[in-house]
1. Identify the residue in the stretch 369-396 that is free of Cβ contacts under 8 Å to residues at least 24 places away in the same chain and surrounded by 16 or more Cβ atoms within 10 Å (Cβ to Cβ) and, among all such residues, is nearest to Arg439 (Cα to Cα).
2. Could you please tell me which pairs satisfy a Cβ distance under 6 Å, a separation of 6+ or placement on different chains, a first residue in the stretch 502-523 that is over 12 Å from Ala492 (Cβ atoms), and a second residue that is outside any helix (DSSP H, G or I)?
3. Conditions: (1) more than 35 Å from the chain's Cα centre (by Cα); (2) part of a helix (DSSP H, G or I). Phe603 meets all but one. Number of the miss?
4. Of all residues in the stretch 615-643, which are surrounded by fewer than 16 Cβ atoms within 10 Å (Cβ to Cβ) and more than 15 Å from Val563 (Cβ to Cβ)?
5. Just checking, does the stretch 315-324 include any residue being out of contact with any strand residue (DSSP E or B) (no Cβ under 6 Å at 6 or more places or on another chain) and more than 27 Å from Leu241 (Cβ to Cβ)?
6. From Thr698, Thr610, which residue is of a type in the set (S, T, N, Q) and surrounded by 15 or more Cβ atoms within 10 Å (Cβ to Cβ)?
7. Please work out if Phe587 is farther than 22 Å from Val493 by Cβ and either assigned to a helix (DSSP H, G or I) or of a type in the set (Lys, Arg) (or both).
8. For Gly649, are the conditions met, namely being within 20 Å of Ala625 (Cβ to Cβ) and surrounded by fewer than 16 Cβ atoms within 10 Å (Cβ to Cβ)?
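The values are calculated or read from the model by the stated rules, or taken from the named source; none is laboratory data. Every value quoted in this text rests on a predicted model; they were computed, and no experiment measured them. Note: ideal-geometry Cβ built from the backbone for every residue, glycine included; neighbour counts use all protein chains shown.
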Amino acid sequence: MIGVAFFLVLFFMVLLFTFVKVITNGRRINDLESHVPTVLDLKRRIASLESELERVAGVKLPIPPPPVVKEAPAPAAAESVELSLHADPHLIPQQARTASPPAAPSRTREEWEAFVGGKLLNRIGAFALILGVGFFLKYAFDNDWISESLRVIVGAVAGLACLAGAYRTHAKGFQIFAQGLVGAGIAILYLSTYAAFNYYQLVPQTLAFVLMSVVTILALGQGLLYNSFAVALLGWAGAFLTPTLLSTGTNNEIGLFSYLALANIGLLAVLFRSPKWYVLEPLSFAATWLYYISWYDQWYTPEALGVTAFFVLVFWFVFFAADALRLAGLRRPALFTQHSAAIANAAVVFFALFAMIDPAHHEWMGATALMLGVPYAGLAVAVRRNPLADRFAAERNDLVAIALLVVATAVEFVDFETVRWWTIEAAALMMIGFGYRQRIVWRSALVLLGLAILRYLVTDGSFSAESVRVFVALWNARAATLLVLVLGSAFAVWLLRRADPEDLGSERSRLLSVFEFVTTLLAFLLITIELNDLFRSLAIDQPYLTESSLLFVRLLVIGMTWVVFAIVVNEAADWMRSEILAAASIFLALLGGLLIIIRGVSFEPIDDFTPLFNLRVGLMLVTGAGLALLISRIRTHAQPYEWTSKALGTLGVGLVAVAFFLLTGEAFDHYRLLMTNADLSSPELQRLQNLQQLMLSTVWLCLSVALMVVGIWRGLRLQRIIAFALFGITILKIFIYDLSFLETLYRIFSFVGLGVILLAVSYAYQRYKELIFGTSSTTEATPS
């Protein structure tokens, strides 16, 4: 069993050793490549100095013989090829530049022989020695040749003898051979201690822990002494296998976690002496938390909260302190594994604390997450004060601190409270980020603001009040939340406009457009949602007719408000010179006009209708005035956008449409009201229907004439085209509907009125053609 267990452990160590060797060789090649520009610069300087010396002295300098270069092993050859590929092309002869790069030379027979005889046989020999000792001990144990105590002593002596032999051979220059002996000696000492405790019960658990720890310290010390990562990795494996090998199956939380904390401190201390073994840090981190998860799943109870939380914080502090000390003395950028371990450390400790604290003490979690983020914020500030600091390390700590702040808020508050606090935090982070020119901070702030908006959208009651009976417009949590979001988004726009364009680059215009649009959209939602719920609350417990009237007026008021809001947005667009706001104002105005047209075409309830003196007329007149004012403002301020002329035309059509449907609705609903009180079988009903259709034709013709007069007077071609369109609609109605359904007398009025008006328009075009077309005509049109 001992031999099989050790074989598995050794196999695992060999795999890890191979992995780390590959990483180390890659880093060495990268380091050499980083020095290539310096070497080439020195070559250029030397050549320039030699040329200048020859010119001044007039003597040709002797060319030194080329140095004798020993054959290098394969890794060095690979490095030289890499250097040649990255060299300055101006220093390479034309023939060499045109020729394909030579292939890396293969190992020579001497190199292969040295590799097999010096290194490969050493590793196999050490492994065979371990297996041989194991098999010998097993055979001796099975045949009771030696006692149990003597077996352990023999193993300990053999292990120490291997270490002593390694020391002597290393002093004589046999480094690789010495490393093999060290690995064998450490493994034998681990096995001997394990056998003394687990198989023979010769020592208590505490003493076995002490002995295993001593062997671990010895292994790490030997690794440093011989500069051997393989030996150090063996010590790491022994350190983290010890709790498993010496486990008695009982709960010993303090003993286990104290040992893990001390083991981590020792291993991280070794890393500071030998940073190239950086892979031990993530391995130690993973092993520690695997032990914790296994223990937590089997043994944790709420009564152990205090002790367990203490050790969780100890584990976190050990790795956090190691990261802080490393960054304080940093002379080159931290590695990806170190960044990953630091981020994982923050995430794992939070989830570990959350799993323990939140079920019983939810109210503590917000403060816990916030306090956990403070050290990361402080470390980020400290790293930036170091002139040689790794910029990504500071940004990484910024992100961790911000993430913990966001999580603390989400844990502490709910629903609209969370949205408000996230928005306030985003504003504060924006001030810090833009004020100190920390790109990662203000970017995170903008992302947090977006997260707050998404949180609002998925919160219950964000679009409709859950209880309209107690609803007070603009004085409720939802309105306060939306107002905070509007102010937060507007604050982002203000900071983006004040920021130095060189700091933001091309991002500035894109971000400005996004947050100007978001600010407008949030304000639009605030107005619409509050008005909608206001009318819902007013309609509660009202009679049917009153409720129907309120629901009818609701959409008209909302549409009119959208048009008024569009004027405000257009004013802001003028002030800020914002194309996105200008486009938004046009869209909002058209949307408001469309809503008021659709809902206002038929008055409800008809019993409350009073011709020309009703709320619909007032609201649609205000809407039309708002559209006219918006058209006037755009023309006066001459907003310099490619789509401005098309927008003016569309707004003009919208204004005419509002007038058309207002007059149509008033004429139609007047007779509809009279018909509701008439006897359906009486001739009076037929007369009212004829008058209704005649009035519609008259209104449309009058509106067409008015548009034509304005178009001719002001020289507005669009109005004249709209007038032609209305003439066409009226002609179709008279020739199709009126001719078919109206009585003779009403047909006469329709056709006579149509003919007179059309002839008048034709005369106006002939009489005022210079005014209409802006040019004088010398010839009259030839009649057909």
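1. The residue in question is Ala394.
2. That search, which allows pairs on different chains as well, returns Asp503/Arg437.
3. With (1) more than 35 Å from the chain's Cα centre (by Cα); (2) part of a helix (DSSP H, G or I) applied to Phe603, the lone miss is (2).
4. Residues satisfying the conditions are Arg635, Thr636, His637, Ala638, Pro640, Tyr641, Glu642, Trp643.
5. Yes, some residue in the stretch 315-324 is out of contact with any strand residue (DSSP E or B) (no Cβ under 6 Å at 6 or more places or on another chain) and more than 27 Å from Leu241 (Cβ to Cβ).
6. Details: Thr610 fails: surrounded by 15 or more Cβ atoms within 10 Å (Cβ to Cβ).
Within the list Thr698, Thr610, the selection yields Thr698.
7. no
8. yes
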